[in-house]
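The values are calculated or read from the model by the stated rules, or taken from the named source; none is laboratory data. These figures come from a predicted structure and were not determined experimentally. All Cβ positions, even for glycine, are placed from backbone atoms using ideal geometry, and neighbour counts span all protein chains on display.
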Amino acid sequence: MRLLVPIILALLACLCVTACSDDGCYDNGSSLPLATFCLNGSQQTVTGVTIMGIGAPGDSLLADSSSLSEIYLPLRASVGTTSFAISRWVGAGTTMAQKLHDTLTLDYEPIAFFHSAECGAMYNFQIHKVHCTSNGIDSVEVITPLITNSRSPALRIHFTSFSL
């Protein structure tokens, strides 16, 4: 009987140790496209940028007259398209400063994805098409069409260089 108590305690300790997992969910749980900004062909910080979601519920302001080199653009899983209003001041600090307004629209397919028991389910997004106006944006390049929760850039937004 004396031997039975230590054996039971050892078995309970083993069960407790094996039941605990240190594989917790440390990944980014959201699949958001990371957009980087380019001027003159290279990634740069762009000043005076305001970005808002169009038709998004609640407050959709993502950046307000900020200096940015990249930003995450949230997509809605309930629809297959999301649009953003992007404004940028050019010639700031001069009497000829003007604000250029553009619209960026992403057409995509939301794909339900089960990551793991710790992280649960999430959505990935397959980008099919990108549309944008060209007042201050020269072009938008899709680097990675499948948006997962990795931190790699998915879009490259090339802004037009203006010298006022």
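For beta carbons closer than 6 Å, sequence separation of 6+ or different chains, a first residue in region 133-162 that is of a type in the set (A, V, I, L, M) and a second that is assigned to a loop (DSSP other than H, G, I, E, B) and surrounded by fewer than 18 Cβ atoms within 10 Å (Cβ to Cβ), the qualifying pairs are 154/143; 154/144. For first residues located in region 63-84 and without any contact (Cβ under 8 Å) to a residue 12 or more places away in the chain, partners that are of a type in the set (Gly, Ala, Ser) and in a loop (DSSP other than H, G, I, E, B) and lie 6+ apart or on another chain with Cβ distances below 6 Å do not occur. Would you check if residue 79 is assigned to a loop (DSSP other than H, G, I, E, B) and either over 15 Å from the mean Cα position of the chain (by Cα) or on the phi > 0 side of the Ramachandran plot (or both)? In short, yes.
Looking across region 147-164, the residues that are surrounded by 15 or more Cβ atoms within 10 Å (Cβ to Cβ) and either among the aromatic types (Phe, Trp, Tyr) or within 19 Å of the chain's Cα centre (by Cα) (or both) come down to 147, 148, 149, 153, 154, 155, 156, 157, 158, 159. If you go through region 90-145 and keep only what is closer than 22 Å to residue 36 by Cα, in contact with a Gly (Cβ under 7 Å, 6 or more places away or on another chain) and not in a strand (DSSP E or B), you end up with just 92.
Filter region 7-48 down to the residues that are at pLDDT below 55 and of a type in the set (D, E, K, R), then identify the one that is surrounded by the most Cβ atoms within 10 Å (Cβ to Cβ). Once the filter is applied, the top-ranked residue is 23.
Could you list, in sequence order, the residues of region 49-99 that are of a type in the set (D, E, K, R) and either surrounded by 14 or more Cβ atoms within 10 Å (Cβ to Cβ) or under 19 Å from residue 131 (Cβ atoms) (or both)? Those that are of a type in the set (D, E, K, R) and either surrounded by 14 or more Cβ atoms within 10 Å (Cβ to Cβ) or under 19 Å from residue 131 (Cβ atoms) (or both): 70, 76, 88, 99. Can you say whether residue 150 is out of contact with any Asp or Glu (no Cβ under 8 Å at 6 or more places or on another chain), over 21 Å from residue 47 (Cβ atoms) and not in a strand (DSSP E or B), as far as the supplied structure shows? Yes. Within region 112-125, the set of residues being surrounded by 12 or more Cβ atoms within 10 Å (Cβ to Cβ) and either in contact with a Cys (Cβ under 9 Å, 6 or more places away or on another chain) or at pLDDT 95 or above (or both) comprises 115, 119, 125.
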